[in-house]
Structure formats: structure tokens, C-alpha cells
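See below for the structure under consideration.
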Number of protein chains: 2
Amino acid sequence: MEQRLLEALKDISGNENVATDETGLLAYAYDATRLKGTPGAVVRPGSEEEVSKILSLASEREIPVVPRGAGSGLSGGAVPCRGGIVLSFERMNRIISIDTKNRIVTVQPGVVTADLQAAVEEKGLFYPPDPGSLAFCTIGGNVAENAGGMRALKYGVTRDYVIGLRAVLPSGEIIRAGVKTAKGVVGYDLARLIVGSEGTLAVVTEITLRLIPLPEKVITMTAFFAGVRDAGEVVAAIMASPFTPRCLEFLDSDALGAGARKIGYALPEGAGAFLLIETDGSLDEAARQMNGIHALLKNKALQTDITQDKAASAELWKLRRSTSQALFSIAPHKINEDTVVPVSRVPEALEGFREIASRFAQKIICFGHAGDGNIHVNVMTDRADPERLKAAEEAVSEVFRLVLSLGGTISGEHGVGLTKLQYIGMELSAAEIDLQKRIKSVFDPKGILNPGKIFP
Amino acid sequence: MEQRLLEALKDISGNENVATDETGLLAYAYDATRLKGTPGAVVRPGSEEEVSKILSLASEREIPVVPRGAGSGLSGGAVPCRGGIVLSFERMNRIISIDTKNRIVTVQPGVVTADLQAAVEEKGLFYPPDPGSLAFCTIGGNVAENAGGMRALKYGVTRDYVIGLRAVLPSGEIIRAGVKTAKGVVGYDLARLIVGSEGTLAVVTEITLRLIPLPEKVITMTAFFAGVRDAGEVVAAIMASPFTPRCLEFLDSDALGAGARKIGYALPEGAGAFLLIETDGSLDEAARQMNGIHALLKNKALQTDITQDKAASAELWKLRRSTSQALFSIAPHKINEDTVVPVSRVPEALEGFREIASRFAQKIICFGHAGDGNIHVNVMTDRADPERLKAAEEAVSEVFRLVLSLGGTISGEHGVGLTKLQYIGMELSAAEIDLQKRIKSVFDPKGILNPGKIFP
């Protein structure tokens with residue numbers, strides 16, 4: 001990167017906040033996909049004003065700018081695949097205000113999601129979205145990807161909580177979008193257009209989120225089943241009932257086995273699938289919901305465990321939480337997709353994934369947010385073995401084809417980024433993609449903001 | 001309108017579905033604002049294909065097209081202010097499917113909102129948004145305006161239920177936006193960009209809405225207070241508590257008096273403000289919430305009435321429901337604005353509106369969705385008296401200035417349309433308006449779709 005530009009960046013954010021050394025750059029070259037791109041510089045801006053100056057500089061020189069939260073994304077969204085400046089938000093990590101009277105919180109994008117949740121929970125308020133990485137991911141990244149999580153089933157995703165934003169356009173111009181009130185319909189809904197735009201339209205510098213009262217009580221149940229068919233049917237039955245759990249998580253037999261081995265859990269005899277279910281609300285309401293759900297599944301389950309106790313609940317969660325990492329005991333790599341189907345089609349989808357696995361001689365492991373129909377499909381592979389990798393990728397295409405034929409979508413919460421770019425045309429028509437690209441051009445006529453993402 | 005074009009429209013939708021006679025056109029010249037524009041033709045398309053053909057024809061000839069639901073909008077959105085073709089959706093009024101297993105409903109835009117609600121409630125499901133006009137407004141109009149209503153406080157607005165759309169671009173091209181699943185993040189969120197775009201971006205031809213289980217029980221309370229200060233403080237106290245009513249409606253003393261006179265209701269001695277509060281859920285949960293709220297207000301209220309009975313609840317609603325029409329006993333016209341402030345600022349806003357009324361020697365009557373901070377501010381006037389009308393309009397400007405200074409927005413649910421067009425620059429910056437206009441151009445390069453709306 002040109003020396004004069006680096007000097008200008010240092011003038012804006014300070015020497016200590018501009019990295020150009022190899023180690024410094026390498027730390028910002030990856031996200032959780034392990035895809036790599038090498039930036040020319042990493043800048044850690046301290047304010048919206050700095051972001052604006054950096055963007056107008058980059059715009060003038062037509063240099064790519066890649067906004068980055070914690071790099072925990074699963075679609076390559078934060079990977080600087082065309083070099084340029086990585087804009088990393090670790091310094092803009094302030095909770096600006098928690099307004100209990102209006103049930104809103106205003107934050108900078110670099111706040112860690114779990115920290116945000118802890119801060120509002122101290123005041124009796126609740127920010128429900130809980131992506132798997134919440135202990136280290138940032139709210140800015142969540143906004144960029146419209147992150148979901150376990151509790152999306154009852155409470156929705158990041159988009160459902162963002163009511164207002166401040167953002168910087170690639171030109172350096174600062175805009176506000178949305179409101180700080182419960183309602184607002186003045187002009188187009190740019191706030192929600194920016195949410196989920198994967199850092200390609202504008203750089204978000206401040207976020208206002210609505211909150212809800214913290215539920216008084218959470219009840220957790222785990223249930224083991226003989227196989228995925230039984231578990232899938234239970235999922236469909238619950239979502240067709242009048243009950244709405246806040247989580248309804250699923251593990252297939254391989255996921256369950258790997259998780260159990262990892263944490264040394266003795267599975268019940270014959271267990272081939274697992275559900276974790278949570279209800280919440282007042283004590284009575286949480287219990288009423290859990291009793292209703294328990295009645296629906298008790299005849300099919302091999303074993304159920306229920307607790308209202310926080311520590312005991314953490315124990316019940318261990319199997320679910322250990323799964324994702326535990327899969328690496330089965331193969332060195334996994335292609336992790338986050339397909340969604342209508343929840344009534346979950347049994348068919350699971351059946352279909354199994355058929356695809358056998359047809360392509362692949363190991364496919366499924367787990368995830370079954371109550372949403374949001375199944376994480378993991379094709380286990382070895383990236384060092386090109387032939388195996390190729391077959392895995394063919395299986396992924398088939399998975400997507402199946403999901404779309406069942407009325408689903410190829411991504412429920414990870415985004416398109418780099419990893420799904422080649423598949424976006426399976427879901428969206430050429431006219432729909434073209435329309436989106438033209439919207440991108442309105443925000444970013446020079447194409448400097450997170451280039452190479454979403455669109456093929 | 002050119003004869004050849006009329007013939008072409010008749011070829012597309014049939015003679016009986018194209019009106020060009022004076023009476024036929026007049027019926028589609030107005031919306032609930034009583035603003036008027038005369039269309040060249042009214043077409044009632046029977047299918048998406050017809051909509052597409054009509055739009056490509058209009059695009060070719062650069063003729064304005066104004067999509068219209070029931071014409072119950074309060075900002076002039078459906079008024080054909082530049083003539084052209086009114087596209088009226090009364091024939092496209094089919095509920096396509098109610099999918100109880102996935103808790104979604106797919107409808108054509110012409111379905112009346114109350115009919116939609118009744119149909120899903122029969123199956124134990126609930127579509128919460130309830131604009132005041134729900135007995136005759138259409139879901140297509142609700143989508144165009146992002147309609148709210150009484151229950152938005154707990155359940156959100158139209159946008160929060162739209163998960164997918166089909167729509168026709170001004171070019172005639174058909175697109176899908178969003179998904180039919182609980183989650184979806186593939187590409188930009190065009191579905192929610194189209195929601196609330198007031199018919200200026202695309203013509204919606206099919207809508208998929210998420211539903212929730214129908215609450216088992218609703219409890220209704222009315223409470224009378226000595227004045228707006230007490231009522232405003234109670235509203236703020238409820239929203240700062242852990243309770244969330246589904247409705248929290250407010251009437252000031254003039255609104256209350258007018259409503260009481262209209263229905264012959266004997267008000268409690270000294271009543272100068274009124275709240276109507278509803279809670280819902282299981283019987284226990286609804287009662288728990290109502291008891292909590294009652295405890296918060298009982299020392300300030302002059303009288304409270306509570307019921308779980310449907311018929312008795314309808315009686316309690318009468319005062320609230322009679323207000324809007326009853327105001328015409330005070331003056332021949334009203335300028336009805338739907339401002340929103342953070343709910344903690346409701347007492348200040350009400351105080352400020354009173355001060356503005358006195359400063360401009362205007363009668364200002366306030367009622368509405370106080371729990372959202374969404375106050376309907378009615379400046380009573382007489383459109384036949386230009387001087388009085390001018391003072392009323394000056395008072396409206398002051399109301400908007402106050403609302404914005406309190407962190408609010410000039411429209412919570414009615415939209416900008418024609419009536420707020422001159423004020424949009426008070427809330428949005430020139431850069432923000434320019435960005436929105438450029439998005440409009442992406443969808444509608446020739447500017448044929450509902451021209452003259454939103455942007456000055």
C-alpha cells in the first residue's frame with residue numbers, strides 16, 4: 001500500500017491504530033471460514049469521524065475497505081479478498097446508553113454481543129439474538145450479517161431488534177437510518193436494508209436496539225430419540241401446536257455421538273437423535289409451555305431431563321454446545337451450511353440429506369435450530385484431498401437444490417459472503433440479482449466497500 | 001387517456017375491469033385524507049400476469065400507475081395526484097393458503113385485513129397488526145404503508161410479519177423478495193425495503209406473513225384520570241416496568257368528552273384523561289400482567305373497570321373507538337398527524353402540544369397509541385376558512401419541530417404520501433433523501449410508479 005496513503009491513515013487514527021506489519025496483517029486476513037485475503041493495512045478507527053475520513057480517502061483512491069467485527073463470521077464476509085483496508089472496530093466498543101424507560105440501548109459496533117446482553121440484563125432488560133459466537137462476536141458483525149441464533153425461534157433475529165443506525169457511506173457521508181422510537185415510517189426503511197447487507201452498502205457506526213423485559217424464568221429440557229425421523233416429527237408437532245419454545249435445537253446421531261465422546265457423556269441406550277428445548281416467561285408461563293411440549297413428545301422420547309436450575313441447565317446444554325467443535329474428530333474439515341426449510345419439511349429434509357450423503361459417499365452431519373427449520377448441514381471433508389473436496393462440494397450443491405425444492409433458503413443466518421456466492425443464482429433470479437447490484441451501486445458507485453462479496 | 005391505451009388495458013383485464021366513466025373515476029380519486037387526483041383510468045387486474053402487462057405498457061408510454069388498496073390511507077398514498085392508471089386490487093383478494101404447520105399465510109394484496117385475521121383465527125393462529133381501518137383496509141395497503149395499530153405495542157407492525165413477497169417492477173418484471181421460512185439472509189432485504197415504500201418501488205402481488213399462536217385470553221381495563229399529566233406518567237411507568245400490555249391507548253379530555261357525548265357515556269366526575277389497556281396470553285399470564293399494571297396505576301386513577309368477557313370488553317372499547325369520528329362535533333375538519341416520541345417523553349410531548357395550541361390559538365386534541373409514544377395529534381380546523389387553516393398548518397409545523405426535538409418521528413404509521421411531503425426535510429437530511437431518491441430510480445427509472453409521493 002502506497003506510503004502516502006498509510007501516512008494519511010496514521011494521521012487520521014494515530015500510528016498505533018494502523019497496522020502494516022506482516023503479523024498485524026495476518027491477524028486480520030481470516031474469518032471463521034479460514035478463507036484468506038491479505039489486507040494492505042488494518043486501521044482501528046476511534047470514532048465515526050475517523051471512519052468518515054478513512055472512507056472518503058479510500059473512495060478518492062478507489063481502495064477496497066472491508067469492515068470487520070470479531071472475524072467470527074461463517075461466510076467469509078470479513079475476509080479482505082481484494083486487499084485494501086480492513087476497518088476493525090475493537091476501539092469503537094462503547095455502550096453509549098441503556099435507556100430503561102424506553103427499552104432501548106445505543107451502542108458502537110465493536111461491543112461484544114455477550115457484553116451487551118450482560119449489561120442490559122443487569123437492568124432487567126433482554127436482547128434475545130444469540131449467535132453461537134456471542135461470547136466474542138460483535139454487534140456490528142451481527143448487524144452486517146443479520147445474525148440469528150438459538151432463540152430466534154421465539155424472538156427473531158438481529159434485524160427484528162435494530163430500530164435505528166448511524167452509518168458512513170463509501171463517499172464518507174454520514175447518514176442516519178431508522179428511528180429511536182417504537183414506530184417510524186418516514187421514507188424507505190434503509191436501516192433494515194443495511195442490516196444483513198454484509199458490509200457492502202455502508203459502514204455502521206452506531207446502532208440503536210429495542211429491548212424487551214427479561215423473562216423471569218427459563219426451563220430447559222433435553223430429550224433423546226431413537227432416530228432423526230422421530231425427532232423431526234416431534235419438531236414439526238411442536239411448531240404445529242399452540243406452544244412456542246424459545247429454543248428447539250437438534251442433533252443427529254453423528255453430532256450426538258461426537259459431542260458425547262468429547263465431553264464423556266453416557267448416552268441412553270439406542271439414542272440416535274437429540275432435542276434441546278427451552279421455554280421462558282413468568283414461572284407459570286414457562287412451566288405451562290414446557291408441560292404442553294413435554295406431553296407432545298413424551299411417548300416418542302427414550303429419555304427426557306427437565307430443569308429450572310441455571311447450573312443444571314448449563315449441564316444439559318453441554319451436549320449441544322460441544323457439537324460444532326467435536327465434529328473435527330470425524331474429519332479434518334467441514335463445509336458448514338445453514339440451510340432453512342419450512343419446519344413441517346424438516347423430516348423430509350433430514351431424510352434427503354441422508355440420501356445425498358449416501359449417493360455422494362459423503363459423511364453429512366446435521367444439527368441446529370430445528371424449530372426454525374434452520375439446519376446446519378456439515379459435509380465432512382479433507383481440504384488436502386482435492387477429490388474428496390470436490391465430491392463434498394457436489395454434495396453441497398445437491399443439498400441446496402433439495403432445500404430450495406422444499407421451499408427453503410440456502411442461508412438462514414450466515415450470509416452469502418464468499419462461500420455462497422457461486423450458489424446465489426440457485427435462489428435468486430438474474431433480475432433479482434441485477435436489482436440488488438444496482439442498489440449496491442447507489443450506495444457505493446465506485447465499488448470500494450467489501451468488494452467481491454455476495455454477487456458473483 | 002389515449003383510446004389505444006384504454007383498448008390495450010381492456011384487452012389485458014377485460015372491459016368490465018377498466019373504468020373510464022366519470023363516476024367510476026371519481027370513486028378512485030380520493031383516499032381518507034379527502035385529497036383528490038383524477039385518474040385517466042381505473043383497472044382492476046385479476047392476476048400478477050395482468051399487473052405485469054399493465055406495468056410494461058405504462059412503462060413504455062411513461063404513464064403514472066398508482067396502486068390502491070381500499071383507499072383508507074391517511075397520507076394521500078393512493079391519491080392519483082398526477083392522473084394515470086389506478087391499479088385497484090379488489091379482484092385479487094384471495095387467501096392463497098393458510099399453512100398451520102409452518103404458521104404462515106400467503107395472500108393476494110386485496111384481502112381485507114379483518115377477513116385475513118378472522119380466517120387465521122379460526123385455525124388458532126394470530127395476525128396481530130390492527131390498523132384502525134382493519135374492517136375495510138387491505139393487506140396490500142397495509143404492506144405499502146407499513147401499517148401499525150393498537151397492538152403494535154406488544155406485537156410490532158406489518159413489517160414484522162412480512163417474510164416474503166412477490167412484486168412487479170415498473171418495467172413489468174416479476175420478482176420475489178424474502179422467503180417462506182422463519183429465517184433467510186440471501187442478498188439484500190428487498191422484502192422489507194418494499195414494505196412501507198408507499199407503492200413507489202414495486203407493485204406487490206402476493207404476500208407471505210408469519211403468524212403466531214392465538215393468545216388464549218385477553219383482559220381489558222379502562223382507567224380514568226384527572227388529567228393528561230397523570231395519564232402520561234402512568235403510561236411512562238408501565239413501559240418502564242417489566243409488564244408489556246398489548247394495547248395502551250390514550251384519550252385526552254377533549255377526545256374523551258367528544259367520545260362520551262357521541263355514545264352517551266356518563267364520565268366519572270373530574271375525568272380529564274383516559275387509558276385503555278389490554279393484556280393477553282394464557283389466562284394466568286394475562287391476569288399476571290394486568291394485576292401488575294393495575295397496581296402501578298390504581299392510586300392515580302379516578303376509576304378503573306376490568307373485564308375478561310368479550311362482550312363487556314367491546315363496551316369498554318366504545319369510548320376509544322368513537323373518538324376519531326366524534327371529533328367532527330368540535331370542528332368541521334381535522335389535520336390528523338401520527339407523531340411518535342420516546343414513550344418516556346409522552347408527558348412532555350402532551351404538555352408541549354397544549355402550549356402550541358394556546359400559542360397558535362388552535363384546538364389540538366390528542367389520542368392514540370400512547371404505549372408506543374405514537375400520539376395522534378389532531379389540529380381541529382375548517383378548510384373553508386383559509387386563515388384558520390393557515391394557523392392550523394403553522395401549529396402542525398410546530399408539533400413536528402417539538403416531536404423531533406424530543407427524539408421522535410413525524411410519522412409512526414400513516415406514511416409520508418402527499419400530506420407530509422413538505423415536512424420530510426425536517427426529519428431526513430438532504431443526503432438521506434437523495435440516497436432514497438436514487439434507490440427509487442433503481443426500481444423505477446422512468447418514475448411512473450405512484451409519482452409525486454414521499455419526496456418533495
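The values are calculated or read from the model by the stated rules, or taken from the named source; none is laboratory data. Given the structure is predicted, the values throughout are model-derived calculations rather than measurements. Reconstructed Cβ throughout: ideal geometry from the backbone, glycine too, with neighbour counts over all protein chains shown. These accessible areas exclude ligands, DNA and RNA; they are computed on the full protein's heavy atoms, side chains included. Shrake-Rupley method; radii C 1.70, N 1.55, O 1.52, S 1.80 Å.
Going through the range B:428-453 one residue at a time, which ones are within 9 Å of chain A (Cβ to nearest Cβ) and outside any loop (DSSP other than H, G, I, E, B)?
If we filter the range B:428-453 for residues that are within 9 Å of chain A (Cβ to nearest Cβ), which is where we start, we get B:428-429, B:431-433, B:435-436, B:438-443.
Of everything in the range B:428-453, those that are within 9 Å of chain A (Cβ to nearest Cβ) and outside any loop (DSSP other than H, G, I, E, B) turn out to be B:ALA431, B:GLU432, B:ILE433, B:LEU435, B:GLN436, B:ARG438, B:ILE439, B:LYS440, B:SER441, B:VAL442, B:PHE443.
Just a yes or no: is a residue in the range A:276-293 open to solvent by 10 Å² or more (accessible area, probe 1.4 Å) and within 30 Å of A:SER405 (Cα to Cα)?
No, every residue in the range A:276-293 fails to be open to solvent by 10 Å² or more (accessible area, probe 1.4 Å) and within 30 Å of A:SER405 (Cα to Cα).
Considering only the range B:186-207, state which residues are hydrophobic (A, V, I, L, M, F, W, C), assigned to a loop (DSSP other than H, G, I, E, B) and open to solvent by 10 Å² or more (accessible area, probe 1.4 Å).
As a first pass, look at the range B:186-207 and keep what is hydrophobic (A, V, I, L, M, F, W, C): B:186, B:190-191, B:193-195, B:201-204, B:207.
Adding the requirement that they be assigned to a loop (DSSP other than H, G, I, E, B) leaves B:186, B:195, B:201-202.
Answer for the range B:186-207, where residues must be hydrophobic (A, V, I, L, M, F, W, C), assigned to a loop (DSSP other than H, G, I, E, B) and open to solvent by 10 Å² or more (accessible area, probe 1.4 Å): just B:VAL186.
Which residue is farthest from A:ARG44 (Cα to Cα), if the candidates are limited to the range A:169-185 and must be free of Cβ contacts under 8 Å to residues at least 24 places away in the same chain and part of a strand (DSSP E or B)?
Here the answer is A:ALA177.
A:ASN336 fails exactly one of the following numbered conditions: (1) open to solvent by 10 Å² or more (accessible area, probe 1.4 Å); (2) free of Cβ contacts under 8 Å to residues at least 60 places away in the same chain. What is the number of that condition?
Looking at each condition in turn, A:ASN336 falls short on (2).
Take the range A:345-399 and flag every residue that is within 14 Å of chain B (Cβ to nearest Cβ), of a type outside the set (A, V, I, L, M, F, W, C) and buried (at least 21 other Cβ atoms within 10 Å of the Cβ). Steps first, answer last, please.
Keep residues of the range A:345-399 that are within 14 Å of chain B (Cβ to nearest Cβ), which gives A:345-349, A:368-376.
Cutting the leftovers down to of a type outside the set (A, V, I, L, M, F, W, C) gives us A:345, A:347-348, A:368-369, A:371-374, A:376.
Hits for the range A:345-399 are A:ARG345, A:GLY368, A:HIS369, A:GLY371, A:ASP372, A:GLY373, A:ASN374, A:HIS376.
In the range B:122-161, which residue that is of a type in the set (Val, Ile, Thr) and more than 11 Å from every other protein chain (Cβ to nearest Cβ) is nearest to B:VAL416 (Cα to Cα)?
Quick first cut of the range B:122-161, residues of a type in the set (Val, Ile, Thr) only: B:138-139, B:143, B:157-158.
Of the ones still in play, those that are also more than 11 Å from every other protein chain (Cβ to nearest Cβ) are B:138-139, B:143.
Working: B:THR138: 19, B:ILE139: 18, B:VAL143: 14 Å.
In this case the residue turns out to be B:VAL143.
Being surrounded by fewer than 16 Cβ atoms within 10 Å (Cβ to Cβ) and in contact with a Pro (Cβ under 9 Å, 6 or more places away or on another chain) narrows it down to one of A:GLN325, A:GLN303, so name that one. Walk me through it before giving the result.
Working: A:GLN325 fails: in contact with a Pro (Cβ under 9 Å, 6 or more places away or on another chain).
One residue alone meets the criteria, A:GLN303.
Could you please give the count of residues in the range B:208-227 that are open to solvent by 10 Å² or more (accessible area, probe 1.4 Å) and within 14 Å of chain A (Cβ to nearest Cβ)?
Of the residues in the range B:208-227, the ones open to solvent by 10 Å² or more (accessible area, probe 1.4 Å) are B:210, B:212-218, B:226-227.
From what's left, within 14 Å of chain A (Cβ to nearest Cβ): B:210, B:212-217.
Going through the range B:208-227 one residue at a time, the tally reaches 7.
Just to verify a result, which residue in the range A:406-427, among those that are of a type in the set (Gly, Ala, Ser) and in a loop (DSSP other than H, G, I, E, B), is farthest from A:VAL157 (Cα to Cα)? Spell out how you get there, then give the answer.
The first filter runs over the range A:406-427 and keeps only residues of a type in the set (Gly, Ala, Ser), leaving A:407-408, A:411-412, A:415, A:417, A:425.
Narrowing further to those that are in a loop (DSSP other than H, G, I, E, B): A:407-408, A:412, A:415, A:417.
Details: A:GLY407: 20, A:GLY408: 17, A:GLY412: 10, A:GLY415: 13, A:GLY417: 18 Å.
The qualifying residue farthest from A:VAL157 (Cα to Cα) is A:GLY407.
Could you check, for the range A:407-420, whether at least one of its residues is at the interface with chain B (Cβ under 7 Å from one of its Cβ atoms), in contact with a helix residue (DSSP H, G or I) (Cβ under 7 Å, 6 or more places away or on another chain) and without any contact (Cβ under 8 Å) to a residue 40 or more places away in the chain?
No, the conditions are met nowhere in the range A:407-420.
Here is a list of conditions, (1) over 19 Å from the mean Cα position of the chain (by Cα); (2) surrounded by 17 or more Cβ atoms within 10 Å (Cβ to Cβ), and A:GLY124 meets all of them except one; can you say which number that is?
(2)
Against the definition (closer than 22 Å to B:ASP230 by Cβ and of a type outside the set (Val, Ile, Thr)), how does B:LEU402 come out, yes or no? Explain how you work it out, then say what you get.
On the way: closer than 22 Å to B:ASP230 by Cβ: yes; of a type outside the set (Val, Ile, Thr): yes.
Yes; evaluated as a whole, the condition is true for this residue.
Residue under question is A:SER72, and the condition is that it be in contact with a Phe, Trp or Tyr (Cβ under 8 Å, 6 or more places away or on another chain) and among the polar types (S, T, N, Q); does it hold? Spell out the reasoning first.
Details: in contact with a Phe, Trp or Tyr (Cβ under 8 Å, 6 or more places away or on another chain): yes; among the polar types (S, T, N, Q): yes.
Yes: the conditions hold for A:SER72.
What's the number of the condition A:ALA331 fails, among (1) touching an Asp or Glu at 6+ places or on another chain (Cβ under 8 Å); (2) open to solvent by 10 Å² or more (accessible area, probe 1.4 Å); (3) away from chain B (no Cβ under 14 Å)?
It fails just one condition, (2).
Could you grab the pairs with beta carbons closer than 9 Å, sequence gap of 6+ or different chains, first residue in the range B:66-86 and under 12 Å from B:ALA41 (Cα atoms), second one among the basic types (Lys, Arg) and assigned to a loop (DSSP other than H, G, I, E, B)?
B:VAL66/B:ARG82; B:VAL66/B:LYS453
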